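Inspection log for the structure reproduced underneath, given as structure tokens.
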Number of protein chains: 2
Amino acid sequence: MQHLADRYGHGPVQLAEIAGAQNIPAKFLTVILSELTRYGLVDSRRGRDGGYWLAIAPIDISYGDLIRIMRGSLALVPCASRFAHEKCKNCVEEGDCRTRALMLDVRDRTAQLLDGVRLSDRIELVPAFEAEGPVNDTGNDTGT
Amino acid sequence: MQHLADRYGHGPVQLAEIAGAQNIPAKFLTVILSELTRYGLVDSRRGRDGGYWLAIAPIDISYGDLIRIMRGSLALVPCASRFAHEKCKNCVEEGDCRTRALMLDVRDRTAQLLDGVRLSDRIELVPAFEAEGPVNDTGNDTGT
DNA sequence: CATATTGTCAACAAAATTGGTTGAGAATAG
DNA sequence: CTATTCTCAACCAATTTTGTTGACAATATG
């Protein structure tokens with residue numbers, strides 16, 4: 001999606017290009033892209049010079065929308081979804097569930113962040129984690 | 001865990017009691033409780049009048065800790081974990097990954113919330129979702 | 001029209017995860 | 001020594017994730 005957002009307005013992008021950029025098997029990507037197309041997020045054209053492009057301007061779609069469309073909800077548990085609400089199985093009464101109360105809060109915070117970021121936004125990149133250095137107790141015990 | 005927190009200081013709680021309260025097969029709960037015991041969150045005693053109790057005072061353990069101990073990390077994707085960091089497979093370079101940048105933010109927000117709530121805290125309960133009423137477009141389109 | 005190109009889609013399948021069961025112990029109290 | 005209660009490894013079944021296969025449909029070009 002981000003790849004398509006970057007190419008928005010520049011005509012169709014071909015499967016092979018996206019697959020290469022995303023390091024994912026081309027055939028598998030067809031499944032994903034076809035799904036996105038069915039969801040209406042992406043348009044496509046077949047044949048020579050065919051490909052995929054965003055059906056919606058990247059400024060008009062947030063990361064929150066994306067997750068809602070593709071995963072059904074931003075919530076971590078079904079009972080904490082605000083729209084696609086569903087009872088968790090084997091759970092206590094919802095009105096008495098402390099876990100649910102917390103998960104609703106987590107969902108709301110996540111939504112507040114992800115609904116504010118559009119596919120067109122320049123996202124502040126974070127440097128890669130320093131892995132397997134000679135010594136790695138560099139004082140950064142920032143939590144998990 | 002919440003059940004054990006409520007009973008903290010009142011001696012061992014037996015498997016059967018927790019299984020009943022949590023609506024979960026007793027035999028399955030043994031697996032979970034034994035795991036919690038191995039993780040050091042819970043202590044246990046066998047034999048008559050045996051049972052489980054919290055190894056740590058409920059005021060000294062946050063929901064964030066709980067999730068870190070049991071799931072390894074608060075992050076939704078391995079590369080967004082601050083402590084148990086791991087590369088996601090089939091992913092682009094971490095330093096270039098916008099998804100990771102967002103997921104790190106989500107993790108931080110989640111941590112800020114869950115690290116601030118202790119097992120001993122009285123959690124504001126949320127009324128159960130109104131399900132399957134006669135008409136349910138009650139104007140609450142609050143998002144998913 | 002023929003052909004090469006490129007997406008579509010249903011069906012299958014391997015691997016991992018989730019949710020759970022079984023059954024043989026081992027500790028503890030009485 | 002017996003009843004109670006937790007321990008733990010080894011399964012098992014269902015589901016989800018992560019793909020693969022192959023036949024087909026649309027499009028552009030010559």
- request: Check segment B:31-43 and report whether any residue there is within 14 Å of chain A (Cβ to nearest Cβ), within 30 Å of residue B:112 (Cα to Cα) and within 10 Å of DNA strand C (Cβ to nearest atom).
  value: yes
task: Would you mind telling me which numbered condition in (1) of a type outside the set (Lys, Arg); (2) within 16 Å of DNA strand C (Cβ to nearest atom); (3) under 30 Å from residue B:21 (Cα atoms) residue A:93 fails?
output: (2)
query: Hey, any hits in segment B:51-72 for a residue that's more than 9 Å from DNA strand D (Cβ to nearest atom), more than 23 Å from residue B:6 (Cβ to Cβ) and not acidic (Asp, Glu)?
result: yes
Contacts under 6 angstrom Cβ, first residue in segment A:66-86 being within 7 Å of chain B (Cβ to nearest Cβ), partner surrounded by 18 or more Cβ atoms within 10 Å (Cβ to Cβ) and of a type in the set (D, E, K, R), 6 or more apart: A:74/A:107
- prompt: Any idea which residue in segment B:1-12 is farthest from DNA strand C (Cβ to nearest atom), counting only those that are touching a helix residue (DSSP H, G or I) at 6+ places or on another chain (Cβ under 6 Å) and modelled with pLDDT of 95 or more?
  reply: B:5
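Yes/no matrix, rows are residues, columns are (1) on the phi > 0 side of the Ramachandran plot; (2) among the hydrophobic types (A, V, I, L, M, F, W, C); (3) surrounded by fewer than 16 Cβ atoms within 10 Å (Cβ to Cβ):
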{"site": "A:17", "(1), (2), (3)": "no, no, yes"}
{"site": "A:24", "(1), (2), (3)": "no, yes, yes"}
{"site": "A:27", "(1), (2), (3)": "no, no, yes"}
{"site": "A:37", "(1), (2), (3)": "no, no, yes"}
{"site": "A:46", "(1), (2), (3)": "no, no, yes"}
{"site": "A:53", "(1), (2), (3)": "no, yes, no"}
{"site": "A:58", "(1), (2), (3)": "no, no, no"}
{"site": "A:64", "(1), (2), (3)": "no, no, no"}
{"site": "A:72", "(1), (2), (3)": "yes, no, yes"}
- request: Please work out which one of (1) charged (D, E, K, R); (2) within 15 Å of DNA strand C (Cβ to nearest atom); (3) surrounded by 14 or more Cβ atoms within 10 Å (Cβ to Cβ); (4) at pLDDT below 95 is the condition residue B:68 fails and give its number.
  value: (2)
- prompt: Can you tell me which of A:33, A:41, A:76 is farther than 26 Å from residue A:5 by Cα, under 14 Å from the mean Cα position of the chain (by Cα) and not aromatic (Phe, Trp, Tyr)?
  reply: A:76
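Taking the residues in segment B:103-128 that are assigned to a loop (DSSP other than H, G, I, E, B) and touching a Pro at 6+ places or on another chain (Cβ under 7 Å) as candidates, determine which candidate is surrounded by the most Cβ atoms within 10 Å (Cβ to Cβ).
As a first pass, look at segment B:103-128 and keep what is assigned to a loop (DSSP other than H, G, I, E, B): B:115-117, B:119-128.
If we keep only those that are touching a Pro at 6+ places or on another chain (Cβ under 7 Å) as well, we get B:119-120.
Details: B:119: 24, B:120: 15.
Here the residue is B:119.
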message: For segment A:87-102: of the residues being of a type in the set (Lys, Arg) and at the interface with chain B (Cβ under 7 Å from one of its Cβ atoms), which is surrounded by the most Cβ atoms within 10 Å (Cβ to Cβ)?
response: A:100
task: Would you check which residues across segment B:39-85 are under 22 Å from residue B:19 (Cα atoms), out of contact with any strand residue (DSSP E or B) (no Cβ under 7 Å at 6 or more places or on another chain) and in a helix (DSSP H, G or I) and list them?
output: B:63, B:66, B:67, B:69, B:70, B:71
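The values are calculated or read from the model by the stated rules, or taken from the named source; none is laboratory data. Please read these numbers as outputs of a predicted model, since none were measured by experiment. Ideal geometry is used to build each Cβ from the backbone, glycine not excepted, and the neighbour counts take in all protein chains shown.
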